[in-house]
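Visitor: Shown below is the structure under consideration.
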Amino acid sequence: MKVKLLIVEDEVLVAEDLKDDLIKSGFEVVGTAISDDEALDIIEKKQPDLVLMDIQIKGKLDGIELAQEINELTAVPIIYISANTGSQFINRALETRPHAFLTKPYNLKDLVISIELAMHKYNESVLVEEQSSFDSIFVKSGSYYRKIKIEDILYIEADGSYCQVYTKSGKHILSFNLNHFQQEVKSSGLKRVHRSYVVNTEQVDGFDKSSLLIGGKMIPVSQNRKEDVFRLFKRL
């Protein structure tokens, strides 16, 4: 899954060059905005994962004021790309807690690294939140968090650097791997049965000597995990 970016830049040619560079680097650009109103509209409709923000933009707000408003609406990370490097701008920008501040003209390699680091930091800190009672988790869905009860999880499947959480009501894609999910979500009912699967043992419908049946899907059980997994189930 590609990281979805919004570019807020009032110079159209600069925005187009930046867009082309980012697409070639493997990112998805969901929109470019020259003003605060355009940016807020795109955020509402397209729900980007990260915003690249110039300071001097059109509209009633400058980029820093826009970032403050965005912070009140959503937790999306913001990276400034600006030629305004005076202390008055830097100090104001820092108050909005940006994930990076890059100067123009930008270096594409530095920009890509900044985006990847920002998304990693964001995912590490807020993509999964644990409640004190820990009967549910919150996962990012667009610009907000959706509640998932632990008891409703059927299984979690690895998908490269992502993982997919299957529940009774549907599927949710998380922007981190299965190992990170296990580190963040510690529940006695969730059991790693294979390098690619974590299952909710309360949702197991049946099993044979090498797999579990959950919600109509056969989940393989690794050879080195069989003894630990199958002893969880009472057999007559």
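The values are calculated or read from the model by the stated rules, or taken from the named source; none is laboratory data. As the structure is a prediction and not an experimental result, all values here were calculated from the model. Note that each Cβ is placed from the backbone with ideal geometry, even for glycine, and that neighbours are counted across all protein chains shown.
Visitor: Among (1) crowded, with 23+ Cβ neighbours inside 10 Å; (2) within 26 Å of S175 (Cα to Cα), which single condition is E9 missing?
Guide: The one condition E9 does not meet is (2).
Quick grid of which residues meet (1) surrounded by fewer than 14 Cβ atoms within 10 Å (Cβ to Cβ); (2) within 17 Å of Y122 (Cα to Cα):
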| site | (1), (2) |
| --- | --- |
| L13 | yes, no |
| V30 | no, no |
| D49 | no, yes |
| I64 | no, no |
| Y80 | no, yes |
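Visitor: Working carefully through the options I70, I64, I81, find the one that is assigned to a helix (DSSP H, G or I), closer than 15 Å to H99 by Cα and touching an Asp or Glu at 6+ places or on another chain (Cβ under 9 Å).
Guide: I64
Visitor: Just to verify a result, which residue in region 1-25, among those that are within 16 Å of the chain's Cα centre (by Cα) and part of a loop (DSSP other than H, G, I, E, B), is modelled with the lowest pLDDT?
Guide: In this case the residue turns out to be M1.
Visitor: Taking S82 as the residue in question, decide whether it is more than 17 Å from the chain's Cα centre (by Cα) and modelled with pLDDT under 95.
Guide: yes
Residue by residue, here is whether (1) over 19 Å from Y122 (Cα atoms); (2) outside any loop (DSSP other than H, G, I, E, B); (3) in contact with a helix residue (DSSP H, G or I) (Cβ under 7 Å, 6 or more places away or on another chain) holds:
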position: N179; (1), (2), (3): no, yes, no
position: Q182; (1), (2), (3): no, yes, no
position: S187; (1), (2), (3): yes, no, yes
position: V193; (1), (2), (3): yes, yes, yes
position: V199; (1), (2), (3): yes, yes, no
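Visitor: Which ones in region 204-236 are in a helix (DSSP H, G or I) and either surrounded by fewer than 19 Cβ atoms within 10 Å (Cβ to Cβ) or among the acidic types (D, E) (or both)?
Guide: Q223, N224, R225, K226, E227, D228, F230
Visitor: Which of the residues spanning region 175-196 are in contact with a Lys or Arg (Cβ under 8 Å, 6 or more places away or on another chain), modelled with pLDDT under 85 and either within 18 Å of M119 (Cβ to Cβ) or of a type in the set (A, V, I, L, M, F, W, C) (or both)?
Guide: Across region 175-196, the qualifying residue is only S175.
Visitor: Just one of I42, I23 is out of contact with any helix residue (DSSP H, G or I) (no Cβ under 9 Å at 6 or more places or on another chain), aliphatic (A, V, I, L, M) and surrounded by fewer than 18 Cβ atoms within 10 Å (Cβ to Cβ); which is it?
Guide: On inspection, the qualifying residue turns out to be I23.
Visitor: Does Q88 fit the bill of being more than 22 Å from the chain's Cα centre (by Cα), assigned to a helix (DSSP H, G or I) and in the same structural domain as T103 (by TED's automatic domain parsing)?
Guide: So Q88 fits the description; yes.
Visitor: Let me ask another. Could you tell me whether region 21-32 includes any residue that is touching a residue at least 12 places away in the same chain (Cβ under 8 Å), farther than 20 Å from E116 by Cβ and hydrophobic (A, V, I, L, M, F, W, C)?
Guide: No, that holds for no residue.
Visitor: Here's another thing I want to ask about it. Tell me which of these G59 doesn't satisfy, since it passes every other one: (1) buried (at least 16 other Cβ atoms within 10 Å of the Cβ); (2) at negative phi.
Guide: Here G59 clears every test but (2).
Residue-by-condition table, conditions (1) closer than 30 Å to C163 by Cα; (2) out of contact with any Gly (no Cβ under 7 Å at 6 or more places or on another chain); (3) hydroxyl-bearing (S, T, Y):
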| position | (1), (2), (3) |
| --- | --- |
| K24 | yes, yes, no |
| T32 | yes, yes, yes |
| D36 | no, no, no |
| L66 | no, yes, no |
| E72 | yes, yes, no |
| I90 | no, yes, no |
| L94 | no, yes, no |
| L108 | yes, yes, no |
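Visitor: Looking only at region 151-179, filter to residues that are aliphatic (A, V, I, L, M) and crowded, with 18+ Cβ neighbours inside 10 Å; which one of those is farthest from the chain's Cα centre (by Cα)?
Guide: Selected residue: L154.
Visitor: Quick one: what pairs do we get from region 220-232, first residue closer than 9 Å to H194 by Cβ, second among the aliphatic types (A, V, I, L, M) and part of a helix (DSSP H, G or I), C-beta under 8 Å, 6+ apart or different chains?
Guide: V221/V229
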